[in-house]
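K.L.:
I have a structure here, written as structure tokens, and I will follow up with some questions on it.
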Amino acid sequence: MRILVQKFGGTSVAGLERMKQVQGKVVAALNNGCKVLVVLSAMAGETNQLLTLSEQWSETPDSAELDALLATGEQRSICLFTMLLRDAGIKARSLLGHQIPIITDSSHGQARILSIDGERLKKLIEEYDVLVVAGFQGCTKDGRITTLGRGGSDTSAVAIAAALGSVQCDIYTDVDGVYTTDPNLCSTARKLDRVTYEEMLEMASMGAKVLQIRSVEFAKKYNVPVRVRSTFTDTPGTLVTKEDPSMEAVLVSSIAYDKDQARVTMKRVVDRPGIAATLFGALADAEIVVDMIIQNTSEDNRTDMTFTIPRKDLKKTLGVLEHIKHEVEAEEILSDIKVAKVSAIGVGMRNHAGVAAKAFNALHNENINILMISTSEIKITCLIEEKYTELAVRTLHDTFHLDKEHYKEA
Ligand code: ASP
Ligand code: MG
């Protein structure tokens with residue numbers, strides 16, 4: 001028995017006509033000899049509407065009740081869709097998270113999946129040809145309904161595919177795959193046939209528009225082959241998969257960017273053990289996620305600490321820094337929000353020198369000043385002035401020939 005997981009997002013299930021297209025994808029898989037586990041999102045806009053409602057009813061909606069309310073969006077789509085299938089003579093039934101069950105921890109609004117009863121799912125899929133499962137939801141051990149965070153249906157689908165023995169998971173959405181960069185910024189962006197889990201995770205802010213990042217972590221952990229594809233076309237999409245040697249031949253596979261950045265500098269803090277711990281400890285306690293960090297070499301026992309944070313957290317960050325300014329003996333706090341990150345990503349750069357130099361050179365040729373640099377094994381990131389984002393993305397995309405076949409070391 002071949003089992004396929006198919007997940008359809010909000011725009012794919014928004015209304016009867018669209019659901020009929022979804023039905024077509026499910027029937028095609030059945031005709032291919034598969035049993036199908038369909039995971040659905042709420043209809044487009046519905047989760048937001050429910051959120052708005054809760055805000056009208058309550059100033060601080062109870063988080064457990066809010067989850068039970070939000071979960072109704074997916075409940076509607078799976079029941080309506082199952083009716084369509086049954087009318088077409090297909091043996092199908094719907095399943096809510098707690099009916100499987102999908103057990104999560106109790107952090108309402110962003111619960112993590114702890115376990116899924118895969119054996120029960122396997123039994124049910126022997127009895128039915130299609131199971132239609134509500135995405136985004138689960139329940140705690142004591143039976144309270146939880147949700148997995150916005151975009152969480154992707155994670156439901158991948159987790160279910162893992163529980164069924166890491167079967168193929170097709171994520172249907174309104175884009176036809178993962179691109180070498182944002183096609184809105186760069187007209188020569190190309191759809192990738194394959195991308196590794198690691199690259200997809202490094203694309204973070206860009207990739208997250210396509211897949212909830214947590215679903216990629218799950219896929220990587222359980223080695224679930226994930227295919228991102230469009231409900232509205234028949235193209236094969238992009239396979240997100242584990243690395244193989246042929247993928248290492250490609251130095252850079254994508255260019256990502258992130259404008260949601262702010263840069264902060266603590267000027268001339270005293271240079272002694274414990275200063276970085278105090279500074280970043282205070283930020284961590286305030287749940288501020290710090291990204292790039294640079295500590296200058298010191299002069300007269302003083303040094304500068306520069307780091308980046310999400311732009312929305314700037315005010316909070318400055319508040320925290322004001323508080324510890326005396327403790328670290330900082331002379332001044334500077335900040336700048338007109339900055340952006342651009343990154344070149346590729347598993348192939350792990351074993352090749354010169355990729356960073358090539359990227360820096362490309363930015364230099366366009367006279368783009370690099371404010372900060374950070375690197376990982378498979379990513380080079382430069383912080384630049386925000387106004388140069390488009391230019392930097394296009395230049396790097398060209399430099400690594402991403403408009404053509406993947407760039408390979410000559
Ligand atoms: N309906 C939920 C949301 O809008 C989950 C999902 O669509 O993946 O975030
Ligand atoms: Mg989504």
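K.L.:
Could you tell me whether region 177-192 includes any residue that is within 16 Å of ligand 1 (Cβ to nearest atom) and out of contact with any Asp or Glu (no Cβ under 6 Å at 6 or more places or on another chain)?
P.N.:
No, the conditions are met nowhere in region 177-192.
K.L.:
Let me ask something else about it. Part of a helix (DSSP H, G or I), in contact (Cβ under 8 Å) with a residue 24 or more places away in the chain and out of contact with any strand residue (DSSP E or B) (no Cβ under 6 Å at 6 or more places or on another chain) - does that describe any residue in region 176-192? Break it down into steps so the answer makes sense when it comes.
P.N.:
Restricting attention to region 176-192, the residues satisfying the condition of being part of a helix (DSSP H, G or I) are none.
No.
K.L.:
Which residues, taken from region 121-150, are assigned to a strand (DSSP E or B) and either at pLDDT below 95 or within 12 Å of P101 (Cβ to Cβ) (or both)? Don't jump to the end; show me each part of the working.
P.N.:
Of the residues in region 121-150, the ones assigned to a strand (DSSP E or B) are 130-134, 137-139, 145-147.
Hits for region 121-150 are V133, A134, Q137, G138, C139, I145, T146.
K.L.:
Continuing with this model, one more query. Please go through (1) aliphatic (A, V, I, L, M); (2) in contact with a Leu (Cβ under 7 Å, 6 or more places away or on another chain); (3) open to solvent by 30 Å² or more (accessible area, probe 1.4 Å) for M83 and return the number of the only condition it doesn't satisfy.
P.N.:
Unmet condition: (2).
K.L.:
Out of the residues in region 320-345 meeting the condition of being in contact with a Leu (Cβ under 8 Å, 6 or more places away or on another chain) and of a type outside the set (A, V, I, L, M, F, W, C), tell me which one is least open to solvent (accessible area, probe 1.4 Å).
P.N.:
The qualifying residue least open to solvent (accessible area, probe 1.4 Å) is K341.
K.L.:
Can we say A356 is among the aliphatic types (A, V, I, L, M) and farther than 25 Å from M305 by Cα? Please lay out each step first, then the result.
P.N.:
Working: among the aliphatic types (A, V, I, L, M): yes; farther than 25 Å from M305 by Cα: no.
Answer is no for this residue.
K.L.:
Working only within region 298-319, note down all residues that are of a type outside the set (F, W, Y) and open to solvent by less than 30 Å² (accessible area, probe 1.4 Å).
P.N.:
Residues of region 298-319 of a type outside the set (F, W, Y): 298-306, 308-319.
Matches in region 298-319: T303, D304, M305, T306, T308, I309, P310, D313, L314, T317.
K.L.:
Any idea how many residues of region 232-246 are closer than 21 Å to F400 by Cα and open to solvent by 20 Å² or more (accessible area, probe 1.4 Å)?
P.N.:
Here the count works out to 4.
K.L.:
Would you check which residues across region 341-387 are in a helix (DSSP H, G or I), modelled with pLDDT of 95 or more and among the charged types (D, E, K, R) and list them?
P.N.:
K358, E386, K387
K.L.:
Does at least one position in region 286-307 carry a residue that is charged (D, E, K, R), part of a loop (DSSP other than H, G, I, E, B) and in contact with a Pro (Cβ under 9 Å, 6 or more places away or on another chain)?
P.N.:
yes
K.L.:
So, one more: For region 1-120, which fully contained helices (runs of 4 or more DSSP H) count at least 3 residues that are touching a residue at least 60 places away in the same chain (Cβ under 8 Å) and more than 14 Å from ligand 1 (Cβ to nearest atom)? Outline the logic, then answer.
P.N.:
Details: elements: 16-31, 46-57, 63-87.
Fully inside region 1-120 and qualifying: 16-31, 63-87.
K.L.:
Find the residue count for region 74-99, including only residues that are within 16 Å of ligand 2 (Cβ to nearest atom) and over 16 Å from C139 (Cβ atoms).
P.N.:
So the answer is 1.
K.L.:
In region 211-231, what residues are surrounded by 15 or more Cβ atoms within 10 Å (Cβ to Cβ) and in a loop (DSSP other than H, G, I, E, B)?
P.N.:
Looking only at region 211-231, we keep the residues that are surrounded by 15 or more Cβ atoms within 10 Å (Cβ to Cβ), and these are 211-220, 224-231.
Within region 211-231, L211, Q212, V224, P225, T231 qualify.
K.L.:
In region 147-171, which residues are of a type outside the set (K, R), surrounded by fewer than 24 Cβ atoms within 10 Å (Cβ to Cβ) and within 13 Å of ligand 2 (Cβ to nearest atom)?
P.N.:
G149, G151 - these are the residues of region 147-171 that are of a type outside the set (K, R), surrounded by fewer than 24 Cβ atoms within 10 Å (Cβ to Cβ) and within 13 Å of ligand 2 (Cβ to nearest atom).
K.L.:
For region 191-212, indicate whether the set of residues that are modelled with pLDDT under 95, within 15 Å of ligand 2 (Cβ to nearest atom) and under 24 Å from A64 (Cα atoms) is non-empty.
P.N.:
Within region 191-212 (the criterion being modelled with pLDDT under 95, within 15 Å of ligand 2 (Cβ to nearest atom) and under 24 Å from A64 (Cα atoms)), the answer is yes, since at least one residue qualifies.
K.L.:
Would you point out the residue of region 267-297, among those that are more than 20 Å from I337 (Cα to Cα) and among the β-branched types (V, I, T), that is most open to solvent (accessible area, probe 1.4 Å)?
P.N.:
Selected residue: T297.
The values are calculated or read from the model by the stated rules, or taken from the named source; none is laboratory data. All values reported here derive from a predicted model rather than from experimental measurement. Note: ideal-geometry Cβ built from the backbone for every residue, glycine included; neighbour counts use all protein chains shown. SASA here: full protein model, heavy atoms, side chains in, ligands and nucleic acids out. Shrake-Rupley method; radii C 1.70, N 1.55, O 1.52, S 1.80 Å.
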